[in-house]
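Presented below is the structure to which this report refers.
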Amino acid sequence: MMVPAVLLLLGALTAVLAPRLLARAEWPEREPVVALWAWQCAVGAVLLCFALSMLLSAAAAWHAVRGRLFAPAPHGVVDAYALDAVGGLWAAGTAVALAGGGLWTGAMLAREILRARARRRAQGAELLLRAPLLPGEQATGARLVVLEGQRPDSWWLPGPVPQLVVTTAALGRLKGSQLDAVLAHEQGHAAARHDWLLHCSRALSGGFPRVPVFAAFEAQMHRLVELAADDVASRRYGRLTTALALIGLNEDRGVFGPSPAPHGHVPQRVRRLLAAAPRLSAVRRMRLTALATLAPAVPLLVAFGPGLGALT
């Protein structure tokens, strides 16, 4: 039984079909949190297929690896995988190629984390420059920092003590609970650790730009994390308040004009909030979550199936 080859084929099919299936679905717009989980499960399934294929290919190519991998297993379990039937050269080449891909993925993730830390340090230095401490004042790690600025803007500065930075122009533009909605939106990002999702998606897309699931993963993460944070704010302060806050922060950037802009997703977010489409039922959300969770379970069943069959 060519389990490593089956896992490779399963990973390739998942990488091609999963983005198409999720792109055709209409429910992610209404349930972005469930959609985020579905995308993570799809990407996790692809990575799991390749990792398990690498281990079994290495076990087929080198007896030393096989001895360590199947050390606690009875002899019949090793025979069930028919590793000796797998071509040594093919197995060794597959294991080396997949191991190289794993090392490259780790390097891309490390690079992304280092870049994010560098950006965070630069933003912190700029914040300290634009809002210096007064003589005798100590840094208290305030969660809200107000900066002088002519353009309405706000952003979340991650770190040991996350801070929301708001310009004075934004304070003048946002009315009533709109500032609270902006704060709730950014707190939604921080609570769900959306920054780590964006780091991982950028690392995979940058390392393997021709793999459809990784390229789509990055594009969808940027959109879905904003929708999920919008929902956090709208549940606390209302959809209209959150939509007006989005408009107030972005109307001077030309995002509502006919020409595309860097923040071109904002009009779609505003329309979604104002449309107020109802959420899916709890039963359907649970069904979709369970279905998504099955994606990484399939390669595990394929990998452990022969061994479990030998034991029974």
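The values are calculated or read from the model by the stated rules, or taken from the named source; none is laboratory data. All figures in this text were calculated on a predicted structure; none of them were measured in a lab. Every residue, glycine as well, gets a Cβ built from its backbone with ideal geometry; the counts of neighbours run over all protein chains shown. In case anyone asks, the SASA skips ligands and DNA or RNA and just uses the protein heavy atoms, side chains included. Shrake-Rupley method; radii C 1.70, N 1.55, O 1.52, S 1.80 Å.
What accessible area per residue, rounded to a whole number of Å², is obtained for the chain using a probe radius of 1.4 Å? Spell out each step's value before the answer.
Numbers: 16960 Å² over 312 residues.
With the other protein chains kept in place, the chain gives 54 Å² per residue.
Between Thr167 and Leu147, Asp153, the built amide H atoms are under 5 Å apart, and every one of these is 5 or more places off in sequence or on another chain. In order along the range 279-287, the Karplus-derived 3J(HN,Hα) couplings, from 6.51 cos²θ - 1.76 cosθ + 1.60 at θ = phi - 60°, round to 6, 5, 5, 4, 5, 5, 4, 5, 5 Hz, and Gly and Pro are given as x. Apolar share of the accessible surface for the range 2-81: 69 percent from carbon plus sulfur atoms, 1.4 Å probe. Taken one residue at a time, the phi angles of the range 44-52 give Karplus couplings (6.51, -1.76, 1.60, θ = phi - 60°) of x, 5, 4, 5, 5, 4, 5, 5, 5 Hz. Gly and Pro are set to x.
In the chain, once you exclude exposed trypsin sites (Lys or Arg not before Pro) (DSSP loop, at most 15 other Cβ within 10 angstrom), what's the longest stretch remaining?
On the way: sites that count: Arg143, Lys175, Arg193, Arg210, Arg279.
My reading of the result: 1-142 is the longest stretch.
Applied to the range 197-202, the Karplus parametrisation 6.51 cos²θ - 1.76 cosθ + 1.60 on θ = phi - 60° returns per-residue 3J(HN,Hα) values of 4, 5, 4, 5, 5, 5 Hz, with x for Gly and Pro. Compared with the alpha-carbon gap, the fully stretched path from Asp195 to Ala23 is longer by 59.7 nm at 0.36 nm per residue.
Which residue fluctuates most in the GNM of the chain (Cα springs below 10 Å): Ser53, Ser177, Ser154? It is Ser177. The modelled label-to-label distance for the pair Ile113/Arg287, using points 7 Å beyond Cα in the direction of Cβ, is 4.0 nm. In the chain, the calculated helix contribution to ellipticity at 222 nm averages -24000 deg cm²/dmol per residue, counting -39,500 (n - 2.57) for every DSSP H run with n ≥ 4.
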